[in-house]
1. Would you give the gap between the C-alpha center of region A:123-192 and the C-alpha center of region A:259-289, rounded to a whole Å?
2. Probe radius 1.4 Å, ligands and nucleic acids ignored: give me the carbon and sulfur share of the accessible area of chain A as a rounded percent.
3. Rounded to the nearest 20 debye, what is the charge dipole size of chain B about its Cα centre when +1 sits on each Lys and Arg Cβ and -1 on each Asp and Glu Cβ?
4. Can you give me the Cα centroid spacing of region B:316-365 and region A:196-232 in angstrom?
5. With unit charges on the beta carbons (Lys and Arg positive, Asp and Glu negative) and the dipole taken about the Cα centre of region A:32-181, which residue among A:S178, A:T95, A:T154 sits farthest to the positive side?
6. Report the net charge of residues surrounding A:N261, where surrounding means a beta-carbon distance below 11 angstrom and charges are Lys +1, Arg +1, Asp -1, Glu -1.
7. Let me spell out the model: positive unit charges on the Cβ of Lys and Arg, negative unit charges on the Cβ of Asp and Glu, origin at the Cα centre of region A:193-364. What dipole size does that give, in debye rounded to 20?
8. So the label point sits 7 Å from Cα along the Cα-to-Cβ vector; using that for A:P218, what distances do you get to the other copies, in nanometres, sorted shortest first?
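The values are calculated or read from the model by the stated rules, or taken from the named source; none is laboratory data. Just so it is clear, the model here is predicted, and its values are computed rather than measured. Positions of Cβ are backbone-derived with ideal geometry, glycine not excepted, and every protein chain shown enters the neighbour counts. Surface areas here come from the heavy atoms of the whole protein model, side chains and all, with no ligands, DNA or RNA. Shrake-Rupley method; radii C 1.70, N 1.55, O 1.52, S 1.80 Å.
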There are 2 protein chains.
Amino acid sequence: MTQTPLDYTAAGVDYSKIDPLKILAQKAAAATAGNLHARGVSEIPASRGESAYVMDVGGVLIASITECLGTKALVADAVRPISGKTHYDSIAQDTIAMAVNDLITVGATPLSIHAYWSAGGSEWFADETRMTDLVTGWQRACDVCHVSWGGGETPALAGVVEAGRIDLAASSVGIIPSRDRLTLGDKLGVGDAIVLLASSGIHANGVSLARKLVERLPEGYATKIADGRSYGEALLDPTTLYVPVTEALFAAGIVPHYSANVTGHGWRKIMRHAKELTYRFHTLPDVPPVLSFIQQHAAIDDREAYGSLNMGAGFAFFVAAEQADEVVRIAHEQGVAAWNAGVVESGPKQVVIEPLQLTFAADELHLRA
Amino acid sequence: MTQTPLDYTAAGVDYSKIDPLKILAQKAAAATAGNLHARGVSEIPASRGESAYVMDVGGVLIASITECLGTKALVADAVRPISGKTHYDSIAQDTIAMAVNDLITVGATPLSIHAYWSAGGSEWFADETRMTDLVTGWQRACDVCHVSWGGGETPALAGVVEAGRIDLAASSVGIIPSRDRLTLGDKLGVGDAIVLLASSGIHANGVSLARKLVERLPEGYATKIADGRSYGEALLDPTTLYVPVTEALFAAGIVPHYSANVTGHGWRKIMRHAKELTYRFHTLPDVPPVLSFIQQHAAIDDREAYGSLNMGAGFAFFVAAEQADEVVRIAHEQGVAAWNAGVVESGPKQVVIEPLQLTFAADELHLRA
């Protein structure tokens, strides 16, 4: 490869500009916690900065989250003329996965979903095929997760959302039936095993990079990847819904010490908990062909690839070492490949990927104020 | 006035294209209710089609909602060069009001808010003044409502959201402490009084029309309205937060039979409940000068004005007749003007505004499948 590597800034996402706002907003948000006292409610402080927010309402722990799809719908729009399919059934699943896969990290059972479908104009909703696919896929994903689709909002926002486009997001509410199901990391510690769950492909993170890459491919989204499918269709494999796995774990009496949904920042997300710990991997999951293709054609090294894409690991459980094999078995029973892939060690906060001789230091991830 | 009246289709919002999707989505959503049984949870079926969704989780009633601001941020962007202010503190309050003012209609006490701030690019977040105003206004609105800002999502979505723009939405979770606080309209009936709460201005509905009107004004947003302020600044008066009023009612032991947040479809929203009832008004609230200005300069008649704008009525309570004056008094105590403005009668489903000799028939509102 003689090409210049693609990176996120080249692909239009500059985290240095977003993160100061995140920190400002996080501080202001934290300052509102006391408002709940007037209602006889309290927050679970350790949930601030985690992937979902948890309140204690008279002993019932309520978790909530709002998450967006990102730019993956642009891929569906571009691939439709090639594949003859709208792919919005997959896009719907991606959007729901962004919400529920975050919600379950705190130990919650998702109960309801609200849809946020914000289109660039009323005409977006007049395409019956696409509209039906979106509704059908949304319903099916709700069924897989056993959640109720409680409502939503479908505005037409010409001038805010681009003409012909749609901004998709989902919010979800769940419950944690008892305090010992809360997985905010207080039990996370040295000796824990790290079980990785397979991703189905790119999921919905790294999509800006994946779209940027198309400009370099002579056949664009129609370019064949190693498994013989087109790049576009492979990108559109819907994000795995991990709710059946967490529910099966709970049913078996297994509560992870901590969980991480591997999204933006790729494997750097593994060290998202505030504790000072080293996460050492001895085993790597299989890399989906579409991610190998991206790494190769975007000419990015392992540091860039594992630091921004999931590279086959869609979700991580940190569990008691003696439960790791059982967690792997239960995931397989739910149709999700899994690997007992690493261990938590004492040491500086970092992610060490031994097979690749790669280390991400703590200062390469800035999620908290 | 010799000008052609402006209407919603001319202003870019065509409800005939949105509503078929809403109906398809509502049917699919209703079909997912049974998913909750596996979790030992049930929905409150009467909350479907209402402004917020309610689940019964072991006797705790949890209400949830996702709502969007719409296009009002475009007004702030256009007015900033004139006023020298970003107005995003007001815009933040508008966004939160869209969510909590809906949530309270079912009898809920809002507890938490999630922010959804989806920008057209990372550079949106680099404007420190605007960013600080947005965060400050968001926090202040949370404080007024005594809710906790639990988290949020701040994506940069170039290609989905227009460059330089932001798609703002909020989701909220609340609780209803007992079943007799549920206000889904089962007690709504003949003889109830209708108490209207004052709006602060346009709130966040009818904004497309208001923006379209600017093209007709020689001085645009800088045009002075009757109260001496500029049209742009008056449009940006933030939406009233009605949470303090509902909480004061509950504290006084008053539970409305039903509530309606007057948003899109203006006064037609008054008849949103499924029951066959006539809503007759004998008294009109004061019309905010900015709404009179819109009606006059857009050359729209009362039917169009009251059928799409709030015209001074931001929220409606349907209460036992003998409680109406007390409701008015309590609202005033919370700084919100209110009028005992109408009565619920037997008869065809319609809204009758006697002082204007105006009637909206049921077929002029299609919200439900």
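1. Here the two parts' Cα centres lie 23 Å apart.
2. 50
3. 520
4. That distance is 57 Å.
5. Among A:S178, A:T95, A:T154, the one farthest towards the positive end of the dipole of region A:32-181 is A:S178.
6. With Lys, Arg at +1 and Asp, Glu at -1, the net is -1.
7. 380
8. 6.4
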